[in-house]
1. State all residues of the stretch 25-80 that are charged (D, E, K, R) and more than 13 Å from the chain's Cα centre (by Cα); if no residue qualifies, say none.
2. Looking at (1) closer than 21 Å to A75 by Cβ; (2) at pLDDT 85 or above; (3) of a type outside the set (D, E), which is the only condition V25 fails?
3. Answer yes or no: is there a residue in the stretch 33-52 that is more than 19 Å from E72 (Cβ to Cβ), among the acidic types (D, E), surrounded by fewer than 11 Cβ atoms within 10 Å (Cβ to Cβ) and out of contact with any Gly (no Cβ under 8 Å at 6 or more places or on another chain).
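The values are calculated or read from the model by the stated rules, or taken from the named source; none is laboratory data. Just so we're clear, the structure is a prediction, and the values are computed from it rather than from any experiment. Cβ placement follows ideal geometry from the backbone for every residue including glycine, while neighbour counts extend to all protein chains displayed.
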Amino acid sequence: MVSAVTEKSFDEEGWKKQVKLYAKVLQGFFLALFFLGISIAVGDVAGVMELPFSPFSMASMTYGILGMLGCEFVARQFSG
């Protein structure tokens with residue numbers, strides 16, 4: 001009887017961990033989508049201001065920088 005209760009709580013704990021993992025993956029996806037929107041906005045501003053850089057290059061550079069910062073933040077959160 002005791003093992004059945006322990007097994008049920010273990011499954012519940014495993015399920016909670018799985019849901020948290022899926023939520024974190026979804027959060028990362030939406031954060032990347034947000035960064036993409038910011039980078040496209042920077043590219044649009046570069047096009048309107050007629051900067052010597054192409055809007056695509058400005059957008060991709062901004063997305064790369066935001067991605068590096070986001071990865072560094074995540075790495076520091078899980079390092080210690």
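1. Within the stretch 25-80, D44, E50, R76 qualify.
2. Against the list (1) closer than 21 Å to A75 by Cβ; (2) at pLDDT 85 or above; (3) of a type outside the set (D, E), V25 comes up short only on (2).
3. Yes, the stretch 33-52 contains a residue that is more than 19 Å from E72 (Cβ to Cβ), among the acidic types (D, E), surrounded by fewer than 11 Cβ atoms within 10 Å (Cβ to Cβ) and out of contact with any Gly (no Cβ under 8 Å at 6 or more places or on another chain).
This table checks each residue for (1) touching a residue at least 24 places away in the same chain (Cβ under 8 Å); (2) part of a helix (DSSP H, G or I).
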| position | (1), (2) |
| --- | --- |
| L26 | no, yes |
| F35 | yes, yes |
| S39 | yes, yes |
| D44 | no, yes |
| G47 | no, yes |
| L51 | no, no |
| M68 | no, yes |
| E72 | no, yes |
| Q77 | no, yes |
